[in-house]
Every structure is written in C-alpha cells, then in structure tokens.
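The next block holds one structure in the form of structure tokens; read it before the comments.
The values are calculated or read from the model by the stated rules, or taken from the named source; none is laboratory data. Every value quoted in this text rests on a predicted model; they were computed, and no experiment measured them. Backbone-built Cβ (ideal geometry, glycine too); neighbour counts: all protein chains shown. Note: accessible area is taken over every heavy atom of the protein model, side chains too, but ligands, DNA and RNA are not part of it. Shrake-Rupley method; radii C 1.70, N 1.55, O 1.52, S 1.80 Å.
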Amino acid sequence: MPGAKTDTIKLNIGPQHPSTHGVLYIKAELDGEIVKNAEPQLGYLHRAIEKLSENRYYHQALPAVDRCDYLCPNLNELVYCMAVEKLAGIKVAERAEYIRVIMAELHRITGHMVWAGSLVNDLGAMFTPLLYSVRDREKLLDLVEKISGSRMFPNYNRFGGVKLDIPEGWLQDVLNYIDIQEKNLVDFRNLVESEIFDVRTKGVAKLTTKQAINFGLTGPLLRATGFDWDLRRDEPYSIYDRFDFNVITEKDGDLRAIYNVRIAEVTESFKIIRQAVKDIPAGPICNKVPSPLRPDKGDCYVRIESSKGELGVYLVSDGSDKPYRLKLRTPSFCNLRAVQELVKDYKLADLIAIVGSIDIVLGDVDR
Amino acid sequence: MSPLVRLLVSLAISFPLLLLNVVFIIWFERKTLADIYGGIGPKHHGPFGLFQLAFDGMKLIAKEDVIPAKADKMLFIIAPFLVFVPAFMTFAAIPVYNNIYARNFDIGIFYIFGATTLIPVGIILAGWASFNKYSLLGGLRSAAQQISYEVPLLMATLGAVMLSGSLSLVEIVKAQSKVWFIVLQPFAFIFFFIVMLAELNRAPFDMPQAESELVAGYNVEYTGMRFAFFMFGEYAMLLVMSALVTILFLGGWNSPIPALNGLVPGITWFVLKTYLIVFIIIWIRGTFPRLRVDQLMHFSWKVLLPLNLANLLITSAILTVVYL
Amino acid sequence: MAATKASKKSVSVPKITEETADITIVKEKLKSVAKELHEKENLHFEHLSFITAVDFGDYLELIYQFYSYKRKHSLTLRTRVLTKDLVIDSLTSIWKAADWQEREVYDLFGVKFKGHPNLKRILLAEDFPGHPLRKDFACKNDEEYILK
C-alpha cells in the first residue's frame, strides 16, 4: 500500500521460553515473520565460577568448574586438571589417562546426542527425538554414577589422575552401552531424517569457513564449513595420539552439515572408546601430588576439543595455593556470538533452530 | 414428536456423546504419544488413566480466569466460543450410519466447510485480543494458513463429489458401497489428508501454536475454561475431519470385508475408521518436525493447488469418457 | 608505563617456539600490531581464542590468545593498562570474535574498549556496582549481602 507505514515489532524470546535451552534471552526485532535483528542477552545463569575459584584451593575449584557445561561435565574437569598439571608439572598416571579418555568420549557422545534431540525439538517435533536421546543419556549417567558416585557432576578427575579405580565389570558395561547406543543411533536417525527435517535444515544459516573463523567458531560448527580441524588430532592432548579416528567434515556449513558432523562424530567416539577399553593398562590411577599444591609463578593456556568446540582454561598462578586467575574459554559463549549475524533475514522459526544448532548450554555460556 | 422435543432429545444425546468422544481422543493422544516416545502417559486415575481427563477438566474449571489487563475484553471472551461452537456445529451434518444423523443436508459438505471457515476468525480474534505478541503472530499465521489451505481442501473434496454426483454425505457413502473412493481417487485422498492436517493446525503444520517458537500461539494468554474451550474445539475438529475422511474416501460405514456385511453393525466400521485416521494424525505429530511458514505457503500454492487441479482434470476427463 | 617496550620490528618476527610465542607490547601499539598479526602472510593469526585480563594491583594485564590454523602456531599477546586509565583499542574490526570477549572484560574488569560498537555489560546486570573480577572488589559474605 502506498503511504502505509510499517513498523517492526520487538519480541522478547526468553528467558522463560520452551526452546531457549535454559535461560537465554534473545531480544528480537521482527518484520512480520522475518528476523531483522536478534541480540542474545546473557547472564541469567552467571554463577561467578571464575571469581569463586580465585578464593578456593586448586582442588576446591574442581567442583565449580564441573558445573560449567552440565551436559559434559567431565570435559570441563579434564581441561582444568590439565591446566593445573601443566602449571605444577604433575605427571598423570597412565591408567588414569585411559579412564579420562573413556569418560570424556562418553560425555561427548551424550553431548552430541542431546544436542541432536533438542535441535529436532526446536524444529517443532514433539518430544520424541529428545526423549530418545535422553533415554540413552540415562544409561550413560548410570555408568558415570558407578564409577564416580554421582550422576550429573562426577567430580571425578584429580590432579595427576582420577579419583577412584574402575569398579569391576565397568568396562564391559561401557562396551554394552556403546552397543546399545549404536543401535539406538540408527533408530534415531531413521526417526529424525525425514523430508521435513531436510527442508528445515538444508541451506539454513550458511557459513563460509572464513566467516566461521572470524566469528571465533570452533568445533563441529567449524568442521561443518569444510575446515578440517580437530584439537584431538591436530594438537593431541592426553593420549589421543594413540587412537585411530577420523575427523569429520562437511562442505555446506548449514544446519544439516552441522547435524551430519555431530552424528558422525558420535560414531568416531565409539571407535575411540573401544580402542581405549582394549588397551587400558593396569597400574596406579593417581600420581602423588604435593600437598598443599603450590604451582610456580606463571600462567598457561590449555585447550581441548569439547563436544561444542575449543574448551580452554587460562590459569595464572602467583605461587600461592589458590589460583590467581582462572579464565574459562567456553565454546558456547564464543559460538553464541555468531547468532547475531547468522539469523538476519531468516524466519522466526529459523532463529530458534539456529540458536539450537549452536549447541549452547547456558551454564557454559554464563559460567 | 414436535420438532422442539426432537431437538432437545437429540441435543441431550449427542452433545455428551461428542464431549465424551473428544475427551477420549485427548486421552488417546496422550497415551499414543507416550507410547511413541517411550513414556507411560496418564495412568493414575481409573483403568489406563481413563479418568485423567475428568480430573484435568476439574482442574481447568477450578482455575482462575485471567483476562490480561490490556486485552480487548469483549473479543477475548468471545473468541473461544467462535472456535468451539462451529466445531460442534459441523457434527450436525455428519452421518454415522444410513439413518443416524442429525440432519441429512443436501449440501452437507458445503455446510461443514462453511462452518469451519468461522474457526480462523475465532483464532485471529483470540490472537488480537490477547494483547500479546506471541498470540498475535499465532493468529496471523493461522489466518494465512487457513485461507491458503481452504482452496486445496475444497478441491480435494471435489474428487469424491464428482464420483458420487452429490454433495450429500449420505449419498457419497452410498456411492461407495462397491468401491471406496480411496481406490478411485488415491491422490485426492492424499491431498485431502495433508490439507486436513493444515486445516486442523496439527503437526507438521501446527504453526499457529508452534510450541518451540510461539510458546502456544494464539491461546497463550488463556487459562481455565476458556483454554478448555479452545482445546475442545480443536479436538472436536479433529474428530469431524477424521469422520469426513472416512465418509469421503474410506467408504463410511461400509464394511471392508464383504463377508462381514450385515454381521457387524456399520456404525462400528465408521468409528473404527475414524479412529484409525485419528491415530495416524497423532502418529504424525509424534514423529515429524514442523514446517516453516513460508514453506507451508509454497507447498499450498505451488504444489498442492496445481496437483489438485491436475487430478480434477484427469478425473473429469475419465468421467466424461465413461459416461459418454 | 609499566609495559615492556617492544619495537614494531621485533613484533613482526616473533620468536616462535614449537609451542607458543609470548610477547608483550605497549597498549598504544595494540591495534597496529594486531592488524599485522592478522594480515601478515607468515603470521596469519586468524583465530582469536580469547581475551582476558588479570588484575595485578596498579595495572591490569590484558591477554590475547591467538592461533593460526594455517601456520599451526599460537601466540599470547600481552599488554598492560594502568588501573587509573583503563582504556584500550578494540579489536572488533579485525576479529568479530573479539566483540563479546571485550564486553566480558569490560563487564568483569572495567576496561573500556575504544571503538567497540556495543560496549555494554554482558554477564551482569546493567546496574551492577563495580567489576567483580578485580582484586579490590569486596566479596561481602552472603549474610551481609542478603541483609542489605
């Protein structure tokens, strides 16, 4: 209509909303259904983990770090322990390295699976896919409980090793779990990969490698743009250089590519776990650590490949028994920044899907 | 019997029956969905949790009736009825058996579609009156969706109408006593089924409610009994549409197995077929993600409409040849 | 200025050990050095891992962690800002990733980034008093805080 004045509407999505993965709040500006602008507002789950850790002994910060990415807590512990070990020059027991890898990969599997389930949920499916993956996660949590004593936050890694030795039959349980998960993965894919899923995900939020790197994206999001990069292979930490696995890449850089990368990575994790279970040596599970722990003055940055991307810890020691500064470089936080640029001129429904595809865990974003 | 008494009696019988059916469908949906995603569903009240809905109803009645401060009060109150009433009106034209119906309209199909076109009005009003952006978006989506799906819906119906040569639902079923129209008009059946899902706002076309985007769309501000009216209206439409599919394409009360003709009352077949369709709709909801708004429109205007037209052309060509 | 002086020449050819290079520059040079790090073919630091700060009393040390996917080397870039004068150039025009990282540093340390397009608090509320990761930020114990 000539002369008609149109205006955008501002829509507050969250912090209470069915599909904001916790307490994310997005200020969106809509022109009808089209998103003109979207700005995530963070901080609803900010627990000051970094500040808390500064006032605690090194080992006391461990449970706090655990609570960052609550879907794969073991990865947080792992990277924090690695940072302290590097700073204090602690060697890790051989057997513990294997246990760490198994635990990390188990958590990576569940991270990817729960992500895939909730992505489909964001695309508008009923709870079916999500509950399929949560059902499998339940079995994993049982495994974690058996070895560490608690389900959600295992608090299992220690400087120089791990807390407890493997209970009897646990390794067999792990193998059984993988077999079940492998079968269920086929089920899951049959359920999810329908034509509707294709039209909703193909070509949405396309990214080029160059953009992705400039945004600071890492992990599956970067690999989905065709960039062959995985810290486990290219900067091997722990004992990842001993395992044989592939780094999955896709060309398109859209939602579908991200999905493919993640689902394929689950299979690679199966491979790694199987190898680790086969090769695990006997021996002590934890090396002696000086007590109280007073690393030399200095700082270090350690990063690992979490299920979401580059998870890093920057640790500064002033020679006392508490960390002087602990910075967590969490992938969710860095990746979420890209939403602002990605969603422009997509539909409202895509906004939800794109936010879902980034794989944010709000504990990881807000810390 | 004077017409007034007749009306009262039929109301007294049919209305509770309909409500029971609707309630049963809600229970049935919850149970089926639970089964699909590996849950249990309602189980505490009565056998298989059958009385769950009675308790839900009690809860809804007991709830506070909230009208948002800035809402348009009049429209806000009217809207649920505009959804609820037409949905129940349509039942008047649905024949359950040869002689079991409220009214045998000569233009039964026409009447049903006439009544159902009122529903989007209620939804848009609800979306507008709530003074909520989510419900407004839901209402607008619903309007766009219903308008663009009305056309292919009527066209898909025409397939059956052309074959039977009547707009009366009873006549249409009678025309299927030998061969069901799903065999003669398979494409029309598929189109009708797809379009029906959109018309019902059911997954994968449930944009107006779009839980993951619009929270609950147009009924986000409704509580208590007002919400229940929306719910009842929605599920009543589900029942009507399933019954309509049965009548138009699945041979209504005609027995699928000729040997059982006359042994099993036709009404059983009708109910079974209707619930089969209901089940399929629920099944789809439990499985598929949602389409996007623009994809929905493309699908309607660029895919369904031309295909429907082609189907009609071919049908009429064949009919002309046959009857020449 | 407490920072170690480092001439531009020494920056363009940083000493790269097999693990990581570590250089400290004055804050005025930050932007030009960063540009060079990003664009120079033999440096090619396209990935900005994180930006953070450490409070050392009268000055804050800002730490930029870079990585080059192409050359496979990493670099820790340090610069110092005095607590009295917490202003530094923003790198958002070079790395988009710097956007939220800088906002976080602003939020938790109070460092102002010149040229940042949207310098607001990111994790804490707009009206939060002070910058909690500074060492002088008083950690009231809980009871006191709740009573207040």
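For the stretch A:93-108, the count of residues that are in contact with a Leu (Cβ under 7 Å, 6 or more places away or on another chain), in contact (Cβ under 8 Å) with a residue 12 or more places away in the chain and open to solvent by 10 Å² or more (accessible area, probe 1.4 Å) is zero.
Residue-level check: of (1) part of a loop (DSSP other than H, G, I, E, B); (2) open to solvent by 50 Å² or more (accessible area, probe 1.4 Å), A:GLU138 misses just (1). Against the list (1) away from chain C (no Cβ under 11 Å); (2) in contact with a Cys (Cβ under 7 Å, 6 or more places away or on another chain); (3) of a type outside the set (Ser, Thr, Tyr), the condition A:GLY283 fails is (2). The one condition from (1) open to solvent by less than 40 Å² (accessible area, probe 1.4 Å); (2) over 22 Å from the mean Cα position of the chain (by Cα) that B:SER300 does not meet is (2). Residue count for the stretch C:72-86 satisfying the condition of being touching a Lys or Arg at 6+ places or on another chain (Cβ under 9 Å), within 20 Å of C:LEU48 (Cβ to Cβ) and among the hydrophobic types (A, V, I, L, M, F, W, C): 1.
Could you count how many residues in the stretch A:117-131 are more than 7 Å from chain B (Cβ to nearest Cβ) and under 13 Å from A:ASN184 (Cα atoms)?
Residues that pass the stated criteria total 3.
Figure legend. Inter-residue proximity from the stretch C:38-56: first residues more than 12 Å from C:ILE94 (Cβ to Cβ) and more than 10 Å from chain A (Cβ to nearest Cβ), second residues assigned to a loop (DSSP other than H, G, I, E, B) and at pLDDT below 85, beta-carbon distance below 6 Å, spacing 6+ or different chains. Indicated pairs: C:HIS44/C:LYS70; C:HIS44/C:ARG71.
Applying the condition of being part of a loop (DSSP other than H, G, I, E, B) and among the hydroxyl-bearing types (Ser, Thr, Tyr) to the stretch A:187-236 and asking which residue is most open to solvent (accessible area, probe 1.4 Å) yields A:THR208. If you go through the stretch B:37-55 and keep only what is open to solvent by less than 40 Å² (accessible area, probe 1.4 Å) and closer than 26 Å to A:PRO129 by Cβ, you end up with B:GLY39, B:GLY41, B:PRO42, B:GLY49, B:GLN52.
Tallying residues that are within 30 Å of B:PRO289 (Cα to Cα) and among the basic types (Lys, Arg) within the stretch A:16-74 yields 2. Among the residues in the stretch C:60-69, are any surrounded by fewer than 20 Cβ atoms within 10 Å (Cβ to Cβ), over 19 Å from the mean Cα position of the chain (by Cα) and within 14 Å of chain A (Cβ to nearest Cβ)? Checked against the condition, which is being surrounded by fewer than 20 Cβ atoms within 10 Å (Cβ to Cβ), over 19 Å from the mean Cα position of the chain (by Cα) and within 14 Å of chain A (Cβ to nearest Cβ), the stretch C:60-69 yields at least one hit. Across the stretch C:70-107, the qualifying residues are those that are part of a strand (DSSP E or B) and within 9 Å of chain A (Cβ to nearest Cβ), and the one among them that is nearest to A:ALA212 (Cα to Cα) is C:SER74. From (1) of a type in the set (Lys, Arg); (2) at pLDDT 85 or above; (3) in contact with a Ser or Thr (Cβ under 9 Å, 6 or more places away or on another chain), pick out the condition that doesn't hold for C:ARG121. All conditions pass for C:ARG121, except number (3).
Going by the structure shown, is A:VAL266 within 18 Å of A:GLY89 (Cα to Cα), open to solvent by less than 10 Å² (accessible area, probe 1.4 Å), outside any loop (DSSP other than H, G, I, E, B) and at pLDDT 85 or above?
No; evaluated as a whole, the condition is false for this residue.
The set of residues in the stretch A:237-254 being open to solvent by 10 Å² or more (accessible area, probe 1.4 Å) and β-branched (Val, Ile, Thr) consists of A:VAL247, A:ILE248, A:THR249. Taking the stretch A:141-179 as the range and being open to solvent by 70 Å² or more (accessible area, probe 1.4 Å), over 22 Å from the mean Cα position of the chain (by Cα) and among the aliphatic types (A, V, I, L, M) as the test, only A:LEU164 passes. Of all the criteria given as (1) open to solvent by 10 Å² or more (accessible area, probe 1.4 Å); (2) under 30 Å from B:MET58 (Cβ atoms); (3) not small (Gly, Ala, Ser), the one not satisfied by B:VAL240 is (1).
In the stretch A:336-367, the residue that is surrounded by the most Cβ atoms within 10 Å (Cβ to Cβ) out of those that are away from chain C (no Cβ under 14 Å) and not in a helix (DSSP H, G or I) is A:ASP359.
Pairing residues of the stretch B:27-44 that are within 12 Å of another protein chain (Cβ to nearest Cβ) and without any contact (Cβ under 8 Å) to a residue 24 or more places away in the chain with residues that are assigned to a loop (DSSP other than H, G, I, E, B) and open to solvent by 40 Å² or more (accessible area, probe 1.4 Å), at Cβ distances under 8 Å and at least 6 apart in sequence or on separate chains, gives B:ALA34/B:ILE40.
Of the residues A:ALA205, A:ALA212, only one is within 14 Å of chain C (Cβ to nearest Cβ), among the small types (Gly, Ala, Ser) and over 25 Å from A:ALA93 (Cα atoms); which? Going through A:ALA205, A:ALA212 in turn, just one is within 14 Å of chain C (Cβ to nearest Cβ), among the small types (Gly, Ala, Ser) and over 25 Å from A:ALA93 (Cα atoms): A:ALA212.
Of all residues in the stretch C:36-63, those satisfying the criterion of being modelled with pLDDT of 85 or more and among the small types (Gly, Ala, Ser) are C:SER49, C:ALA53.
Restricting the search to the stretch A:315-335, which residues are in contact (Cβ under 8 Å) with a residue 40 or more places away in the chain, of a type in the set (Lys, Arg) and either within 11 Å of another protein chain (Cβ to nearest Cβ) or assigned to a helix (DSSP H, G or I) (or both)? Within the stretch A:315-335, A:ARG325, A:LYS327 qualify. At least 2 residues being within 14 Å of another protein chain (Cβ to nearest Cβ) and at pLDDT 85 or above is the threshold, and among the helices (runs of 4 or more DSSP H) wholly inside the stretch B:231-324 those reaching it are B:266-287.
In the stretch A:112-135, of all residues being of a type in the set (A, V, I, L, M) and under 15 Å from the mean Cα position of the chain (by Cα), the one that is surrounded by the fewest Cβ atoms within 10 Å (Cβ to Cβ) corresponds to A:VAL114.
Evaluation of A:ALA276 against the conditions (1) touching an Asp or Glu at 6+ places or on another chain (Cβ under 7 Å); (2) farther than 29 Å from B:VAL293 by Cβ; (3) not in a strand (DSSP E or B) shows that the sole unmet condition is (1).
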